[in-house]
Amino acid sequence: MVDGTDVFVVGGGPAGLAAAIAARKKGFSVIVADGSRPPIDKACGEGLMPGGLAALRELGVQIDASEGFAFRGVRFLQDGSAVDASFPDGRGVGLRRSFIHQKMVERARDLGVSFLWQTPVAGLYPGGVVVDGSVVNARWIVGADGLQSRVRRWADLETPVRQGIRFAFRQHYKVQPWSEYVEIYWGRHIQAYVTPVGDQEVCAVLISRMPGQRMAALREEFPQLAKRLGSTKASIERGAITVRRKLDHVYRGHVALVGDASGSVDAVTGEGLSLGFHQAAALADAFEAGDLDHYEMAHRNLARTPAMMERLILLLASHESLRERAIRALASDAGIFSRLLAIHLGAISPLHLATAGARFGWRFVTA
């Protein structure tokens, strides 16, 4: 066990690895500790948006479309109505999360990041962390240990509950993708989204507020989708909690939070991984400047647009009649949906939302 390091990252998932890679690229020594061992998997939609791919390239992690499935945009479907929009710049890539994780581990290892796999961190200590009964000194500590972050609690960064919890279940199916879009299906009580992750495989995720729901609910809620997916499963069913959570602060002293530990958006936005990658880059910049206030400001700015779009999407999820009318309005003028998607991805300024909103409002009234 080493005595010390510049940066100690608690959590070896994608956000923690991104933070480690970004810090190492700045020349800092880095240790990553996690109670699991790679590849670390989690139930998620497995679609990397163009911005997420660009952030990975900045970290030196190259994802080739041939390693998964390139998709061109997002499609909403409900009761025979459908509206889609293509990304304004490039394509996204769907591929298994475990594959992304392994690529990031290899990149971090090549840069000289040290790993402590199957090594839980027991607590914080002035100037370091407690590992295997010993203290490892660290100039900075990064909490990247997920929604139920212990580092967040230890650093007294918990915020009184302001969150919405939903439940997600994921399964892969051996079937040829039928669409070049990530498809989001809207039901009475649940949403399902389908991402192509290979030439002969798709990832399906079901999200609802009811913890008792499972993938079997697809047959009742979306019978046509269930028929398309077929019965040949390529993975076990995995569940996860998806949480909308905003913290008052994402650092205290020399401890900073990234990824879901630092606050999160609902999984239906598709921005979880991308946000974590961008946060990691901003955190490394703050390390270099020696001022974590820079990180907190950048973190707020990064979360603003995804949170805005999240509120809009979840409003549609909560009101069936409103959603039906909204999808008809979007279908009548596909340019509105394209502009909203571009705002969501940061391709155009959120200032354009007023124009898109006025245009959408007229279509909504006349739908």
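The values are calculated or read from the model by the stated rules, or taken from the named source; none is laboratory data. This one's a predicted model, so the numbers in the text were calculated from it and none came from an experiment. Note: ideal-geometry Cβ built from the backbone for every residue, glycine included; neighbour counts use all protein chains shown.
Observations on the model:
- Residues considered: Val130, Val136, Val113. Of these, the only one that is of a type in the set (A, V, I, L, M, F, W, C), over 16 Å from Gly12 (Cβ atoms) and not assigned by TED's automatic domain parsing to the domain that holds Val194 is Val130.
- Taken over region 137-148, the criterion of being at pLDDT 95 or above and either over 21 Å from the mean Cα position of the chain (by Cα) or surrounded by fewer than 23 Cβ atoms within 10 Å (Cβ to Cβ) (or both) is satisfied by Asn137, Ala138, Arg139, Trp140, Ile141.
- Flag for Leu273 being assigned by TED's automatic domain parsing to the domain that holds Ala289 and outside any strand (DSSP E or B): yes
- Matching strands (runs of 3 or more DSSP E) fully within region 1-99 where at least 3 residues are closer than 28 Å to Val131 by Cβ and in contact with a helix residue (DSSP H, G or I) (Cβ under 8 Å, 6 or more places away or on another chain): 4-10, 30-34
- Only residues that are modelled with pLDDT of 85 or more, in contact with an Asp or Glu (Cβ under 9 Å, 6 or more places away or on another chain) and assigned to a loop (DSSP other than H, G, I, E, B) were counted in region 149-165, giving 2.
- Any hit, region 283-298, residues being within 26 Å of Ser208 (Cα to Cα), modelled with pLDDT of 70 or more and in contact with a helix residue (DSSP H, G or I) (Cβ under 8 Å, 6 or more places away or on another chain): no
- Per the listing Ala256, Ala267, the residue uniquely out of contact with any Gly (no Cβ under 6 Å at 6 or more places or on another chain), in the same structural domain as Ala144 (by TED's automatic domain parsing) and modelled with pLDDT under 85 is Ala267.
- The test for being outside the structural domain of Ala155 (by TED's automatic domain parsing), of a type in the set (Val, Ile, Thr) and over 25 Å from Leu147 (Cα atoms) holds for Val83.
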